[in-house]
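Asker: Quick one: structure below, then a few questions.
The values are calculated or read from the model by the stated rules, or taken from the named source; none is laboratory data. Small disclaimer: the values here were computed from a predicted structure and weren't measured. Here the Cβ is made from the backbone with ideal geometry for all residues, glycine too, and neighbour counts use every protein chain on show.
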Amino acid sequence: MTRNSVPFTGLLVALLAVLLAAGAPARAEVAYPHVLPGVELAFPRDEGAHPEYRVEWWYVTGWLDDGGPEPIGFQVTFFRVRPGFAESNPSSFAPKQILFGHAAIAEPAHGKLRHAERSARAGFDLAYAREGGVDVRIDDWSLRRDRDVYHADVSGDGFRMQLDLRATQPALLQGDGGFSRKGPAPLAASYYYSLPHLSVGGTVKVDGRERSVKGEAWFDHEWSSDILGDEAAGWDWMGVNLDDGGALMAFRMRDGKGAVSWAGGTVRAADGKVRTFAPADVDFVPRRRWRSPRTRTEYPVAWTLRAGPDEYAIEPLFDDQELDARASTGTIYWEGAVRASRGGRAVGRGYLELTGYWRPLRL
């Protein structure tokens, strides 16, 4: 059982990390199941792991209040990957399932992310992703559901988060009943649902000072087997808890020239009505760019987002929310807390993810 530095988010980066960790031949030993439309998701069963699929993640982002003058952004992510290269090996040490974890705290006063990572092969009851409900562990990191409460416990150099999250709304099925297309190819898809507006309470300890916090979070769970198309070089994604009780998710995939190869999203209104967006319904327009002083990479950190008939202005909590993962997955990307407004009025808070700006993502 080993720990490595593996910060990343999303399907492409997770698959890349597996290939690197496995040392990897290009072809796996197994035939992975495809993601197909018409499969009905069932809860709490589908909150748990789906070990036959190639990649899966449980991803929590949110905003916290500790009574101070500024809010805090946070992220807790666990990945499970079936590399498919050691399944005929009878050894308990064979990496039949690999787990990764990522945690980050975004404090404006600190000016950049605090983050930490874990990685391990599943086994020996020290690292696992259980079936049937949320129960994921990597050594001393964990995310699990106990009755109606999700418990997250993660730590890094100088920080620890112990958070309890409670659902306040039913699951939001993304795409077509949970079947979420990610590209022009029909098999480029995931099973995907979200839990917006999770109520959060707990403690955050930074540099020896423990603070009680409360706030609101967004939970994503996705699983898939199929690598996205060759045209995909990066993506932009956001999930926003709207202040009126609604929820908004939007994304776009970009090719190597920056053109949009696919887009989509979902909005659930305060009254519960759900609208799913086709590619033509979503438009990301950059409004302001920030250049990293470390990598010289430019990220469009402020946006105008059109989702159906509605238009939102997106602004970061602060600009420097860049993650440098060159020592592990070989990529650099931006992920951070953002505010959403309409007509100059604040309407929501969420998280934004920007990949493929440093270099195109390649598998």
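Asker: Do we find that Trp290 is farther than 23 Å from Gly348 by Cα, in a strand (DSSP E or B) and either at pLDDT 95 or above or of a type outside the set (S, T, N, Q) (or both) in this structure? It would help to see each step written out before you state the result.
Answerer: Working: farther than 23 Å from Gly348 by Cα: no; in a strand (DSSP E or B): yes; either at pLDDT 95 or above or of a type outside the set (S, T, N, Q) (or both): yes.
No, not satisfied.
Asker: For the stretch 188-197, which residues satisfy the criterion of being in a strand (DSSP E or B), of a type in the set (Gly, Ala, Ser) and over 19 Å from Ala152 (Cα atoms)?
Answerer: Ala189, Ser190
Asker: Which one of the conditions (1) surrounded by fewer than 22 Cβ atoms within 10 Å (Cβ to Cβ); (2) over 16 Å from the mean Cα position of the chain (by Cα); (3) part of a strand (DSSP E or B) does Arg137 fail to meet, given that it meets all the rest?
Answerer: Every listed condition holds for Arg137 apart from (1).
Asker: While we're looking at this one, here's another question. Using the structure shown, decide if Leu143 is aliphatic (A, V, I, L, M), surrounded by fewer than 23 Cβ atoms within 10 Å (Cβ to Cβ), at pLDDT 95 or above and within 16 Å of the chain's Cα centre (by Cα). Don't jump to the end; show me each part of the working.
Answerer: Details: aliphatic (A, V, I, L, M): yes; surrounded by fewer than 23 Cβ atoms within 10 Å (Cβ to Cβ): no; at pLDDT 95 or above: yes; within 16 Å of the chain's Cα centre (by Cα): yes.
No; evaluated as a whole, the condition is false for this residue.
Asker: Considering Pro51, Pro69, which residue is free of Cβ contacts under 8 Å to residues at least 24 places away in the same chain and of a type outside the set (Phe, Trp, Tyr)?
Answerer: Just one listed residue meets the conditions, Pro69.
Asker: What are the residues in the stretch 257-290 that are in contact (Cβ under 8 Å) with a residue 60 or more places away in the chain and surrounded by 15 or more Cβ atoms within 10 Å (Cβ to Cβ), if any?
Answerer: Ser261, Trp262, Gly264, Thr266, Arg268, Thr276
Asker: Looking only at the stretch 151-177, how many residues end up being closer than 25 Å to Ala250 by Cα, in contact (Cβ under 8 Å) with a residue 60 or more places away in the chain and either of a type outside the set (Gly, Ala, Ser) or part of a strand (DSSP E or B) (or both)?
Answerer: Matching residues across the stretch 151-177 total 6.
Asker: Looking only at the stretch 236-256, filter to residues that are in contact (Cβ under 8 Å) with a residue 40 or more places away in the chain and of a type in the set (Asp, Glu); which one of those is surrounded by the most Cβ atoms within 10 Å (Cβ to Cβ)?
Answerer: Looking at residues that are in contact (Cβ under 8 Å) with a residue 40 or more places away in the chain and of a type in the set (Asp, Glu), I get Asp236.
Asker: Please verify whether the stretch 160-171 includes one or more residues that are surrounded by 21 or more Cβ atoms within 10 Å (Cβ to Cβ) and either acidic (Asp, Glu) or farther than 20 Å from Gly73 by Cβ (or both). Quick ask: steps written out before the conclusion?
Answerer: As a first pass, look at the stretch 160-171 and keep what is surrounded by 21 or more Cβ atoms within 10 Å (Cβ to Cβ): 161, 163, 165.
Cutting the leftovers down to either acidic (Asp, Glu) or farther than 20 Å from Gly73 by Cβ (or both) gives us none.
The answer is no, given that none of the residues of the stretch 160-171 is surrounded by 21 or more Cβ atoms within 10 Å (Cβ to Cβ) and either acidic (Asp, Glu) or farther than 20 Å from Gly73 by Cβ (or both).
Asker: Filtering the stretch 107-133 down to residues that are hydrophobic (A, V, I, L, M, F, W, C) and more than 21 Å from Trp63 (Cβ to Cβ), which residue is nearest to the chain's Cα centre (by Cα)?
Answerer: Going through the qualifying residues, I end up with Ala129.
Asker: Right, something else. For Ala233, all conditions in the list (1) closer than 23 Å to Val35 by Cα; (2) crowded, with 22+ Cβ neighbours inside 10 Å; (3) in contact with a Phe, Trp or Tyr (Cβ under 9 Å, 6 or more places away or on another chain) hold save one; what is the number of the exception?
Answerer: It fails just one condition, (3).
Asker: Out of Phe79, Phe93, report the one residue that is at pLDDT below 95 and in a loop (DSSP other than H, G, I, E, B).
Answerer: Values: Phe79 fails: in a loop (DSSP other than H, G, I, E, B).
Every option except Phe93 fails the conditions.
Asker: When the stretch 241-267 is examined, which residues are found to be over 16 Å from Tyr192 (Cβ atoms) and at pLDDT 95 or above? Spell out the reasoning first.
Answerer: If we filter the stretch 241-267 for residues that are over 16 Å from Tyr192 (Cβ atoms), which is where we start, we get 241-246, 254-261.
Residues satisfying the conditions are Asn241, Leu242, Asp243, Asp244, Gly245, Gly246.
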